[in-house]
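> This is the structure, below, for whatever I ask next.
What follows draws every value from the coordinates through simple rules; no lab data is involved. In this text the structure is predicted, and so the values were computed from the model without any measurement. Glycine also receives a Cβ, built like all others from the backbone with ideal geometry; neighbour counts cover every protein chain displayed.
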Amino acid sequence: MLRYFLKRLLSLALSLVAASIVIFLALEVVPGDPAAYMLGLNAQEDTLNALREQLGLNGTVLERYLSWAGGLLTGDFGISYTYRTPVSEMIGDRMWVSLPLALYALTLSTLIAFPAGIWAASRRGSYVDAGVMGVTQLGVAIPNFWFAMLMVLIFAINLRWFSAGGFAGWDAGFWAGMKSLTLPAIALALPQASILTRVMRSSLLDTLNEDFIRTARAKGLNKAQAMWRHALRNALIPVLTIMGLQFSFLLAGAIIIENVFFLPGLGRLVFQAISARDLIVVESVVMLLVFAVIVVNFAVDLAYALVDPRLRGRR
Amino acid sequence: MSLFLYSRTLLPGAFLTLLFAGAALLSLVWVPYDPTVLDIANKIKSPSWAHPFGTDQFGRDILSMIMVGARTSIAVALVAVGIGMLVGVPLGLAAAARKGGLLDEVIMRMNDLVFAFPSLLIAVMITAVFGASALNAIIAIGIFNIPVFARLTRGTALSLWSRDYIMAARVAGKGPARISLEHILPNVANLLIVQGTIQFSLGILAEAGLSYVGLGAQPPTASWGRMLADSQTMISFAPHLALFPGLAILLTVLGLNLLGDGLRDILDPKLRRVRA
């Protein structure tokens with residue numbers, strides 16, 4: 001187990017280094033001098049130089065990469081070119097919107113998908129099954145930002161249950177904050193819940209065909225008992241994989257949904273940074289999201305190995 | 001027609017797909033109204049006989065814009081799938097032919113790396129560097145498609161390499177490249193078609209999302225995502241502006257997914273039993 005863990009940890013570290021190099025080089029080719037952009041056209045050469053020094057823009061590509069990557073490790077993301085505040089502070093603030101939103105959506109998606117998938121699988125071939133599958137087919141196909149707009153029209157504009165956008169802030173209280181995240185979380189969760197329901201159903205159906213289920217039935221368990229005691233636990237492995245992958249889609253998908261609801265999260269930050277050519281902010285947010293994706297998938301890999309000893313031997 | 005009996009989803013899927021592909025093709029030669037001509041006197045009209053889907057804030061005909069927008073969506077998604085296949089399939093074939101070798105390792109690690117970047121993030125980076133355009137949206141979605149096809153091809157090809165007929169071909173003196181092309185590729189093709197349909201539908205959703213946030217096709221190119229973005233501020237008094245482009249995306253993606261499911265039922269008989 002330790003060997004497996006160390007091997008995975010090494011590959012995690014390599015992925016992170018590779019990703020940071022790709023991101024750094026991609027934004028390296030952008031023309032223009034941030035120092036000149038910050039100080040304006042009339043800046044003196046020595047002030048420009050001093051600012052470049054302060055921003056860490058002097059030196060070779062390698063030196064700049066190392067200082068950027070080293071900064072990432074210590075939580076120092078540099079200074080925003082437009083806001084002149086540390087990028088880590090900006091990201092920290094926005095994180096309190098984006099992360100709860102992604103977790104809220106993941107929770108909703110799981111709460112919908114597990115019962116729906118189990119229900120459909122246990123009534124395989126019935127109208128319930130066909131109905132659940134039909135709804136998930138729609139849920140996968142609907143653009144979630146459009147679904148979000150329709151929800152705003154119905155629940156915010158017509159029924160006035162929710163506000164049409166904006167974030168109340170956690171200072172206004174936990175429930176006020178959650179309320180402003182509810183419609184966005186539902187919009188984000190819908191396609192993911194649909195995919196997860198389908199995975200849950202097909203994984204359960206596969207498991208129900210296994211010999212050990214027949215054995216369980218043969219020793220006298222009824223269908224429901226066999227399902228709950230034996231099938232469900234074995235069916236969870238593919239479901240866990242998909243949930244791990246979905247977390248990254250939720251974080252990235254939030255980029256679009258935050259724009260529908262004008263939520264001050266990482267997604268809005270990225271778009272503001274793109275239009276202001278504030279590349280260090282773009283670089284940092286992208287790196288942070290990729291970091292989250294890689295680490296979550298690493299955690300899922302480890303979770304399997306804990307759940308299923310057979311997988312430890314594999315690569 | 002007996003093919004349609006195998007799958008309940010094939011017929012509706014093919015119908016919806018052909019409907020939107022047909023609308024896109026028709027828009028090349030004919031649209032009800034020129035979608036670039038402004039007609040302020042007729043702005044924000046609800047659906048009527050003259051304008052079945054109504055008009056937008058500049059008096060442009062929504063139906064015409066949706067027909068032209070279909071062209072953008074389909075073109076972007078189709079080229080992105082093409083990039084994914086043209087790059088991904090050869091990589092997958094090469095990786096499988098040299099299983100466990102350095103080439104295999106390098107290709108698979110690069111795939112893992114691309115998978116760590118959700119397509120939206122790739123798009124964000126490309127836009128930050130090169131600016132927003134339909135071309136950059138194609139590249140972003142295309143890059144994301146490469147590992148999908150590379151993995152699928154490698155996985156399937158690996159299971160084929162141990163077959164007897166491949167051994168026979170090797171004994172006959174064929175090299176790995178020739179075997180990959182003549183024996184492996186034709187047997188992977190079915191799966192590629194099915195996966196291609198699914199990636200096509202994902203590409204349409206991705207293109208819509210990118211244009212919605214302004215990272216996709218730029219004006220005056222009509223695009224479903226941007227129509228939705230433009231309609232957002234007017235949704236309280238003109239919901240039809242948001243309704244029709246959204247329905248167009250939903251139905252196109254639904255059609256492609258149903259078509260993909262149907263094709264899988266037909267092309268992969270092993271799955272027929274499980275899904276029945």
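> Tell me the net charge near B:Met65. Cut-off is 13 Å between Cβ atoms, B:Met65 excluded, with +1 for each Lys or Arg and -1 for each Asp or Glu.
Overall, the nearby charge balance is -2.
> Rounded to whole Hz and in sequence order, give me ³J(HN,Hα) for the range B:36-41 from the Karplus expression 6.51 cos²θ - 1.76 cosθ + 1.60, θ = phi - 60°, writing x for Gly and Pro.
With the stated coefficients, the range B:36-41 comes to 9, 8, 8, 9, 4, 4 Hz.
> To continue, here is another question. Going by C-beta contacts inside 10 Å, put B:Thr36, A:Thr85, A:Thr136 in order with the fewest on the left.
Result, fewest neighbours first: A:Thr85, B:Thr36, A:Thr136.
> With 10 angstrom as the radius, rank A:Lys219, B:Lys43 by how many other C-beta atoms surround their C-beta, starting from the fewest.
Taking fewest neighbouring Cβ atoms as first place, the list is A:Lys219, B:Lys43.
> Could you state the angle between the C-alpha long axis of helix B:10-29 and the longest principal axis of the C-alpha atoms of chain B, as a value from 0 to 90 degrees rounded to the nearest 10?
60
> Order these by the 10 Å Cβ neighbour count, fewest first: A:Asp301, A:Asp171.
Ordered by Cβ neighbours within 10 Å, fewest first: A:Asp171, A:Asp301.
> Please turn the phi angles of the range B:210-217 into ³J(HN,Hα) values with the Karplus equation 6.51 cos²θ - 1.76 cosθ + 1.60 (θ = phi - 60°), one per residue in order, whole Hz, x for glycine and proline.
5, 5, 4, 8, x, 9, x, 4
> Give me the orientation-averaged projected area of the Cα convex hull of chain B, in nm², one decimal.
Its average projected convex-hull area is 18.2 nm².
> May I pose another question? How many percent of all Cα-Cα pairs in the range A:96-312 sit more than 25 Å apart?
49
> Within 10 Å of each Cβ in peptide B:109-116, how many partner chain Cβ atoms are there on average? Round it to a whole number, please.
That average works out to 5.
> Moving to a separate point now. How would the range B:120-276 be classified by its alpha-carbon gyration tensor: rounded, prolate or oblate, with rounded meaning a/c under 1.5 and the a/b versus b/c comparison settling the rest?
In terms of gyration-tensor shape, oblate.
> With bins 20 Å wide starting at 0, give me the P(r) of the protein assembly as shown over every alpha carbon pair, in whole percents.
17, 51, 28, 3, 0
> If you don't mind, another one. Please average, across the residues of A:146-154, the number of beta carbons from any other chain that are within 10 Å of each residue's own beta carbon, and give a whole number.
Numbers: counts 14, 2, 1, 10, 5, 0, 4, 5, 1.
Across the residues of A:146-154, the mean count of other-chain Cβ atoms within 10 Å is 5.
> Sticking with this one: Taking H as built 1.01 Å from N, whose amide H comes closer than 5 Å to the amide H of A:Ile79, not counting residues under 5 places away?
A:Val87
> Over chain B, what relative contact order in percent results from Cα pairs under 8 Å that are six or more residues apart?
Result for chain B is 27 percent.
> Along the range B:196-208, what does the Karplus equation 6.51 cos²θ - 1.76 cosθ + 1.60 (θ = phi - 60°) give for ³J(HN,Hα), rounded to whole Hz, x for Gly and Pro?
x, 4, 5, 5, 4, 5, 5, x, 5, 4, 5, 4, 4
> Taking the Cα of A:Leu9, stepping 7 Å toward and past its beta carbon, and measuring to each backbone N in the range A:289-308: which are under 14 Å?
A:299, A:302
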